[in-house]
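Below: one structure, written as structure tokens.
The values are calculated or read from the model by the stated rules, or taken from the named source; none is laboratory data. Owing to the predicted nature of the structure, the values given are computational and were not obtained by experimental measurement. Don't worry about glycine lacking a Cβ; one is built from the backbone with ideal geometry, like all the others, and counts go over all protein chains shown.
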């Protein structure tokens, strides 16, 4: 049996500071996460929150609001490596070492939160993750996820993407401004994934041809180099919602105030039991 690839490693986690929203939670998104955390905490005194992964922003959010939480991460090294980005100290008791595709533990939660959770997992395994979240949820639990989605299979060119960036978004870092578009520029729609190294190769070709500037190229290169052979996905919105609806009721589709809010919504879900 082929061993499942584990992409998020200590070396990636230790370079968290390189990444910018939408590749990590933004301040405006954290405001939304906090809003729901506090609303649920006001109704459930002993609210238990599950963080899917070891996202430092979420760990600080829970500690700042005195909310009990557990990080569900398959690798303790990720949890430890990301401590350097915390404002508050963290304890080992806040970690459950478990793969989202298995979740072989007994604990249940009132709230699950995650940023780009299924983006870093194969599309074929999304439903398995939804099922596991559902089975570890208390009655009336909520799930809040920020997930990049696409409307169609349109494939843009680097020329068009970076012309748009220079005209409208040049005040931003190019990685933050057109991350979504670049992911889809060389997307494998049959496999429903993109490969960072394929993207890097194509960006290098565009740089060599003068289509993108050195600054634009380098800002992507240093992040794709950090991720190595990492693969990500931006699934079709309608297909993603179809899978979700088997396990959750979609209560609200919202977002922060960021420029990418239309294509990376925050989904507020209620668990079906």
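Filtering region 137-153 down to residues that are out of contact with any helix residue (DSSP H, G or I) (no Cβ under 8 Å at 6 or more places or on another chain) and surrounded by fewer than 20 Cβ atoms within 10 Å (Cβ to Cβ), which residue is nearest to residue 43 (Cα to Cα)?
Taking region 137-153 as the starting set, the residues that turn out to be out of contact with any helix residue (DSSP H, G or I) (no Cβ under 8 Å at 6 or more places or on another chain) are 137-141, 152-153.
Filter once more, keeping what is surrounded by fewer than 20 Cβ atoms within 10 Å (Cβ to Cβ): 138-140, 152-153.
Values: 138: 14, 139: 13, 140: 11, 152: 40, 153: 42 Å.
So, considering only residues that are out of contact with any helix residue (DSSP H, G or I) (no Cβ under 8 Å at 6 or more places or on another chain) and surrounded by fewer than 20 Cβ atoms within 10 Å (Cβ to Cβ), the one nearest to residue 43 (Cα to Cα) is 140.
From 41, 45, grab the single residue that is over 13 Å from residue 113 (Cα atoms), surrounded by 15 or more Cβ atoms within 10 Å (Cβ to Cβ) and out of contact with any helix residue (DSSP H, G or I) (no Cβ under 7 Å at 6 or more places or on another chain).
After applying the criteria, what remains is 41.
Quick check on this structure: which one of 112, 130, 79 is crowded, with 18+ Cβ neighbours inside 10 Å, touching a helix residue (DSSP H, G or I) at 6+ places or on another chain (Cβ under 7 Å), in a helix (DSSP H, G or I) and at pLDDT 95 or above?
Result: 130 is the single residue among 112, 130, 79 that is crowded, with 18+ Cβ neighbours inside 10 Å, touching a helix residue (DSSP H, G or I) at 6+ places or on another chain (Cβ under 7 Å), in a helix (DSSP H, G or I) and at pLDDT 95 or above.
Among (1) more than 21 Å from residue 264 (Cα to Cα); (2) in contact (Cβ under 8 Å) with a residue 24 or more places away in the chain; (3) touching a strand residue (DSSP E or B) at 6+ places or on another chain (Cβ under 8 Å), where does residue 68 come up short?
Checking residue 68 against (1) more than 21 Å from residue 264 (Cα to Cα); (2) in contact (Cβ under 8 Å) with a residue 24 or more places away in the chain; (3) touching a strand residue (DSSP E or B) at 6+ places or on another chain (Cβ under 8 Å), the one that fails is (2).
Restricting to region 49-72, count the residues that are assigned to a strand (DSSP E or B) and closer than 13 Å to residue 93 by Cα.
6
Counting only residues that are more than 25 Å from residue 18 (Cβ to Cβ) and touching a residue at least 12 places away in the same chain (Cβ under 8 Å), which one in region 155-181 is surrounded by the fewest Cβ atoms within 10 Å (Cβ to Cβ)?
Filtering first and then ranking leaves 155.
Identify the single condition in (1) closer than 23 Å to residue 79 by Cβ; (2) at pLDDT 90 or above; (3) not in a loop (DSSP other than H, G, I, E, B) that residue 12 does not satisfy, given that it satisfies every other one.
(2)
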